[in-house]
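Here's the structure, in C-alpha cells; my notes come after.
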Amino acid sequence: MNRILFVIALGTAIAHACTERMEIPLDESDTKLIVYGSITTDTMSHCIKLSKSIPFYSNTHPQTVSNATVYISDGERTFPLTQAPDKPGYYFTESSVFGISGVTYRLHIDNVNIGGITSFDAQAQMPALLDNYQTKYLDSINVQYNDYWDGWVVNGFAKEPENMRNYYMFKIKINDTYYTDSLDNIVLVDDKFFNGNYTTGAAFYFIPEKDTLKVGDRVTLELCAIPEDYYHYLSEASTASQPQFPLFSPPPANPRTNINNGALGYFAAYAIIRASYVMREEDFNNVPKP
C-alpha cells in the first residue's frame with residue numbers, strides 16, 4: 001500500500017500550543033481525519049488541530065478541517081472550542097480552562113465529513129497525582145556543562161511517588177521558546193527503575209549545542225505526567241517517524257490512537273510540573289572558548 005504522511009501539532013503547555021511538528025509515515029492509502037491536541041493542568045487556551053491525511057509523495061500540504069463543532073467535557077462541564085480566525089483547522093478553548101488531576105475528559109468532534117463519517121470521539125484520563133504535586137514531584141533543577149559530552153546537562157532534584165506507576169515526558173524551554181519542538185528531542189521515561197526514590201541531581205535532559213545558552217538565560221524543565229497509553233503512542237510515533245531500513249521495507253504499523261471511527265492522532269490529558277534555572281557566569285567557567 002502507498003504510505004501517507006500526516007503533519008500534526010503536538011499540544012504544548014503554553015499559549016503557543018499546537019506548534020510542534022510530527023511527520024509520521026502510515027500504512028493506509030485512504031483519507032483519514034487527523035486529530036491532535038490536549039488538555040493540561042495549565043490555565044490557558046487548549047488547542048485541538050484537525051486535518052486530513054495526504055499521499056506520501058504528494059507535493060501538497062495537509063488539508064485542514066474547518067467549520068467543525070468541537071468541545072471537551074468532563075461529565076459536568078463542557079468547554080466549547082472555537083476555530084482561530086487566522087488558523088484554519090486550529091480550535092481553541094477559552095483561556096480560563098484548565099484540567100484537573102484524576103479527571104476523565106472526552107473530546108467530541110462533529111459537522112465533519114471524512115469518508116461519510118461526520119462525528120468522532122476520544123476519551124483521556126489525566127493521571128491522578130498527589131496533592132500539591134507542583135512541589136512534591138519536582139523540587140528544583142540546575143544546568144551544568146559536561147565537557148566529556150560537550151553539551152549542557154539539565155539535572156533534576158525530585159521525589160518520585162511510591163506505589164504509583166508513572167510515565168513522564170520531559171520538555172525544555174529556553175526563555176520563552178521551546179527547545180523541544182519535535183518528537184526527536186522530547187524525552188520519555190517511566191519510573192520502573194526509580195519508583196519512590198528521591199533523585200539528587202539526576203540527568204533529566206541533555207542540550208548538545210554548547211553555544212545554545214548564555215548568561216542570564218532562563219532554562220525551564222517541564223515534567224509532564226502523562227497516561228501510560230499516551231506514553232506508548234509517543235514512543236510508537238517516534239519510531240514510525242524514523243527512516244525505514246532497508247530502503248524499500250514495508251511501512252511501520254500505525255501508531256495507536258484513542259480517536260474512534262478510524263481517525264488517527266491522539267487526544268491527551270496530562271499534568272505539567274515546572275522548575276527553572278537562570279544561567280550564571282560561573283556556569284560557563286569550563287566551557288571551551290571559540
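Cβ crowding within 10 Å ranks V143, V278 as V278, V143, fewest other Cβ atoms first.
Residues I186, I117, I226, ranked from the fewest to the most other C-beta atoms within 10 Å, line up as I117, I186, I226.
Taking neighbour Cβ counts within 10 Å as the exposure measure, how do F79, F206 sort from fewest upward? Walk me through the numbers before you get to the answer.
Numbers: F79 18, F206 14.
Exposure proxy ranking, most exposed first: F206, F79.
The alpha carbons of the stretch 83-241 give a radius of gyration and a Dmax of 18.6, 58 Å, in that order. The calculated FRET efficiency for the pair R165 and E209, based on their C-beta separation and a Förster distance of 51 Å, comes to about 0.90.
Full extension of the segment from S73 to D30, taken as 0.36 nm per residue of separation minus the current Cα-Cα distance, would add 12.5 nm. Within straight-line reach of K159, meaning a Cα separation under 26 Å, sit the following lysines at least 8 residues removed in sequence or on another chain: K136, K171, K173, K192.
On average over all directions, what projected area in square nanometres does the stretch 182-242 have, based on the convex hull of its Cα atoms? Each step should come with its number before you reach the end.
Working: hull surface 23.7 nm².
Answer in nm², one decimal: 5.9.
Relative contact order of the stretch 139-242: what whole-number percent is it, with Cα pairs under 8 angstrom and at least 6 residues apart? Can you show the working numbers first?
Working: 181 pairs, mean separation 37.8, N = 104.
Computed value for the stretch 139-242: 36 percent relative contact order.
Computed from the Cβ-Cβ distance with R0 of 30 Å, the FRET efficiency linking N111 to R256 stands at 0.70.
No lab work stands behind these numbers, since they all come straight from the coordinates. Since we're looking at a predicted model, the values are computed, not measured. As a convention, Cβ positions derive from the backbone with ideal geometry for all residues, glycine included, and neighbour counts pool all protein chains shown.
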